[in-house]
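The values are calculated or read from the model by the stated rules, or taken from the named source; none is laboratory data. The structure presented is a predicted model; accordingly, all values stated were derived computationally and were not measured. When we count neighbours, we look across all protein chains shown, and the Cβ atoms used for this are built from the backbone with ideal geometry, even at glycine. Quick note on the areas: whole protein, heavy atoms, side chains included, nothing else; ligands and nucleic acids left out. Shrake-Rupley method; radii C 1.70, N 1.55, O 1.52, S 1.80 Å.
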Amino acid sequence: MSITVNGLDELKKLAGSDLGTSEWIEVTQERIDTFADATGDHQWIHTDPQRAAQGPFGAPIAHGYLTLSLFIPLFTELLDVRGVTTKVNYGLNKVRFPAPVKAGSRIRLAARLSSVEEVPGGVQITVDGAIEVEDGTKPAAVLQSLSRFYA
């Protein structure tokens with residue numbers, strides 16, 4: 001379920017809040033192959049199901065950066081900030097990929113809005129996120145994301 005805020009003042013009040021979890025999405029082999037085509041990263045562990053079945057994970061796995069790129073669509077399910085003119089990704093403080101995402105797995109985002117800080121013309125938010133794999137024992141990605149919202 002999405003949390004909706006209207007303007008920067010309401011967003012500031014959410015600092016320290018748990019934002020919940022997104023819906024599950026499937027990471028299909030087709031999505032992995034499309035990402036490989038877009039980035040030019042066609043390593044066999046991602047794009048050759050027969051060879052990957054014999055590899056260390058027993059199946060093809062998503063690129064770590066594919067998993068990371070899904071943060072934004074998953075995050076927008078959790079927080080809708082209205083009444084601002086511009087929303088931009090500002091960067092990442094840290095990212096780790098503790099577990100692979102096998103083709104056909106489902107993932108979701110669990111997130112916490114750890115801080116909201118003033119910047120010229122707006123605010124910068126820091127979000128602590130974990131991209132979870134359904135039935136997994138470790139997250140696929142843990143990250144700290146920075147975004148800016150301008151009035």
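If the condition is being open to solvent by 40 Å² or more (accessible area, probe 1.4 Å), hydroxyl-bearing (Ser, Thr, Tyr) and touching a residue at least 40 places away in the same chain (Cβ under 8 Å), then the stretch 107-151 contributes only Tyr150. Residue check: Ala99 meets all listed conditions (1) in a strand (DSSP E or B); (2) open to solvent by less than 30 Å² (accessible area, probe 1.4 Å) but one, namely (1). Among the residues in the stretch 69-83, are any more than 20 Å from the chain's Cα centre (by Cα) and touching a residue at least 60 places away in the same chain (Cβ under 8 Å)? Checked against the condition, which is being more than 20 Å from the chain's Cα centre (by Cα) and touching a residue at least 60 places away in the same chain (Cβ under 8 Å), the stretch 69-83 yields at least one hit. Taking the stretch 1-70 and the helices (runs of 4 or more DSSP H) fully enclosed by it, the elements with 3 or more residues that are open to solvent by less than 80 Å² (accessible area, probe 1.4 Å) and under 24 Å from Leu109 (Cα atoms) are at 8-13, 29-39, 64-69.
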